[in-house]
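Down below is the structure, laid out as structure tokens.
Throughout, read-outs are computed from the coordinates displayed, never taken from laboratory work. Predicted model only: the values in this text are computed from it and were never measured. We place every Cβ from the backbone using ideal geometry, glycine too, and count neighbours over all the protein chains shown.
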Amino acid sequence: MMRFMWTIIRRDLLLVARQPAEMINPLVFFVLVIALFPLGISPEASLLSQTAAGVIWVAAMLATLLSLELLFKLDHDDGSLEQLLLAPYPSWSLVLAKVFVHWLVSGLPLILISPLIATMLFLPSHAVPALMLSLLIGTPTLSLLGAIGAALVTGVRGGGMLLTLLILPLYVPVIIFGASSVAAAAQGMAIGGYMALLAAMFVFALMITPWAAGAALKL
Amino acid sequence: MSFTLSAMPHLLCTSDLACERDSRVLYNGLNIAVKAGELWHVKGRNGAGKTTLLRQLSGLHPVDTGKILYPKESTKVIYIGHKLGLKEQLSADENLSWLVGLDGSSTQEQRYAALERVGLRGYEENTVAQLSAGQKRRVALARLHLCKVDIWLLDEPFTSLDQQGIVDELDWLNQHTLSGGAVLMTSHQEISLPQVKVLDLGQYTALSSQWPQNEGVPLV
């Protein structure tokens, strides 16, 4: 089974390498939203540093959502999803492999660029580790939860809007605790509790979503 | 060979298999027993459920009524449908590599040899997007030469192949059945091989017409 998952991971990474736009799109979106935000509100440092945590988290969520629709859709359209489902391995392993690549391509770059973004929004520098840690735990959760929606709208024409409606409620708790953890760190408070909750959500999503999305793919 | 065809083991059986789509019965009470060495030509008019039958047998389409049995343990099945499952951005060789890699492994030499057998020598490193429809079909069919599989389920495998391609493919089908495999395929073309058995899905829809049309058809 490891070889099955590794085959999918290697194939999907190769596909991303052939079409780097797929990887850069969510990142560009993330940076643009955050760069435009101060233009719309006010460039005042005190205001920005207060709102930074929420803005970064919401932008990260939207960037993830943007790339989710294609998670299974391309495979469905060219028939390779059929071949993946026909392999004699449980469908959750296929979901897990695809979600891993999705996170690697859309989540990880956000985390790596987040210190720069944080500086742009005057987030206190002592809150940056908390931001990165919360994104590190939170973005895979977003990818995992999104996989359920992506699997359900696979094969539905114009399923993007439906996907957003399905998934957004599930994202709310992750956003709340993710953004609050960064805000708490900015005020110098302990973030252990927030991180524990984020980690709990991640573990829960890791256990439930590959199985649920795998079942949805077979519909 | 000391044994005759009738002594060959069963590879696939169905019992009372039925399929209903959009409250229309496509086929009903389908009982077939596919033996090693047989080539089943599934026939029927458009919309008779040929594709659905192959998808049910492969496990892609859910089975609500009836049963599908694979008597031999760990029977391996390959399904090649209308959608070939090839990634346009990847080369022919890379596509074969991941397709075979899902449940097995292959070396580059083996993949090149398989591509040569389907007449794609020199196209190994071309991306699939650059190939013609017939060549894409050939890439997908090259998989048949790389996997040791008992049953081939092929949906319209002659589509967009040239005449020589069809002759070649008939030869592969022949060799596969002679070496103890089985094939179930749909095609609107006649297949002139001695081991061909014809399954006309039209016969199995006839069964359902005895039910009153307006109330829908009870399946159980």
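Measuring nothing but how far apart in sequence close Cα pairs (under 8 Å, 6+ apart) lie, relative to its length, the range B:89-149 scores a relative contact order of 47 percent.
Between B:Lys83 and B:Met8, full extension at 0.36 nm per residue minus the direct alpha carbon distance yields a gain of 23.8 nm.
When chain B is treated as a GNM with alpha-carbon contacts under 10 Å, the residue of B:Gln163, B:Gln108, B:Gln203 showing the greatest mean-square fluctuation is B:Gln163. With each label modelled as a point 7 angstrom along the Cα→C-beta vector, the A:Ile9-A:Leu32 pair spans 3.2 nm. Sorting B:54-67, A:98-111 by average packing, meaning the other beta carbons within 10 Å per residue, from highest down gives A:98-111, B:54-67.
Dipole orientation for chain B: of the candidates B:Leu11, B:Thr51, B:Gln135, B:Leu11 has the Cα lying most toward the positive pole (charges on Cβ; Lys, Arg +1; Asp, Glu -1).
Each of B:Glu88, B:Glu94 has some number of other Cβ atoms within 10 Å of its Cβ, and from fewest to most they run B:Glu88, B:Glu94. Each Lys and Arg contributes +1 and each Asp and Glu -1, all at the Cβ; summed about the Cα centre of chain A, the dipole is approximately 320 debye. Residues A:Lys218, B:Lys83, arranged from fewest to most other Cβ atoms within 10 angstrom of their Cβ, appear as A:Lys218, B:Lys83. Amide H contacts of B:Leu11: B:Val34, B:Lys35, B:Ala36, each under 5 Å away and 5 or more positions distant or on a separate chain (H built 1.01 Å from N in the peptide plane; Pro and chain starts excluded).
Mean partner shielding of peptide A:15-21, defined as the number of other chain Cβ atoms within 10 Å of each residue Cβ, is 2.
Considering only B:Asp171, B:Asp22, B:Asp93, the Gaussian network model of chain B with Cα springs below 10 Å gives its largest mean-square fluctuation to B:Asp22. So, in Å, what gap is there between the alpha-carbon centers of the range A:21-74 and the range B:89-125? The range A:21-74 and the range B:89-125 have Cα centres spaced 41 Å from each other. Backbone amide hydrogens, once placed in the peptide plane, bring B:Val42 within less than 5 Å of B:Met185, B:Thr186, B:Ser187, B:Leu199, excluding anything fewer than 5 places away on its chain. Note on the protein assembly as shown: the alpha carbon radius of gyration divided by the globular reference 2.2 N^0.38 Å gives 1.19. With the simple model of a label 7 Å out from the Cα in the direction of the Cβ, A:Glu44 to A:Val156 spans 4.3 nm. Cα convex hull, the range A:1-96: 114 Å³ per residue, rounded to a whole number. 3J(HN,Hα) couplings calculated from phi for the range A:127-134 with the Karplus curve 6.51 cos²θ - 1.76 cosθ + 1.60 (θ = phi - 60°) are, in sequence order, 8, 5, x, 5, 4, 5, 5, 5 Hz; Gly and Pro show x. In chain B, the calculated helix contribution to ellipticity at 222 nm averages -8000 deg cm²/dmol per residue, counting -39,500 (n - 2.57) for every DSSP H run with n ≥ 4. If contacts are Cα pairs under 8 angstrom and at least 6 residues apart, what is the relative contact order of the range A:4-144 in percent? Value for the range A:4-144: 37 percent. Calculated mean residue ellipticity at 222 nm for chain A: -28000 deg cm²/dmol, from DSSP H runs with n ≥ 4 weighted as -39500 (n - 2.57), summed, divided by the residue count and rounded to 500.
Each other residue within a Cβ distance under 10 Å of B:Gly119 adds +1 if Lys or Arg and -1 if Asp or Glu, for a net charge of 0.
For the segment A:72-85, counting C-beta atoms of other chains within 10 Å of every residue's C-beta and taking the mean gives 5. Calculated translational diffusion coefficient of chain A (10 °C, 1.306 mPa s; Stokes-Einstein with Kirkwood radius over alpha-carbon pairs) equals 89 µm²/s.
Computed from point charges on the beta carbon alone (+1 for Lys and Arg, -1 for Asp and Glu), the dipole magnitude for the range B:89-149 about its Cα centre is near 300 Debye. Database remark: amide H of B:Leu26 closer than 5 angstrom to the amide H of B:Cys19, B:Glu20, B:Arg21 (H placed geometrically; neighbours at sequence offset of 5 or more, or on other chains; Pro and chain starts carry no H). For the cross-link pairs A:Lys73/B:Lys87; A:Lys73/B:Lys148; B:Lys35/B:Lys83; B:Lys50/B:Lys197, which exceed 24 Å when the distance is taken from alpha carbon to alpha carbon? Correct reply: A:Lys73/B:Lys148; B:Lys35/B:Lys83. About its Cα centre, the dipole of chain B is roughly 200 debye, where the only charges are +1 on Lys and Arg Cβ and -1 on Asp and Glu Cβ. Could you tell me how many cubic angstrom of Cα convex hull volume the range B:89-149 has per residue? For the range B:89-149, the hull spanned by Cα atoms encloses 69 Å³ per residue. With the simple model of a label 7 Å out from the Cα in the direction of the Cβ, A:His126 to A:Ile176 spans 2.8 nm. Annotation: the residues B:Glu156, B:Glu116, B:Glu38, sorted from fewest to most other C-beta atoms within 10 Å of their own C-beta, follow the order B:Glu116, B:Glu156, B:Glu38.
Measuring r between the beta carbons of A:Ala190 and B:Cys147 and using R0 = 56 Å, the FRET efficiency lands at 0.50.
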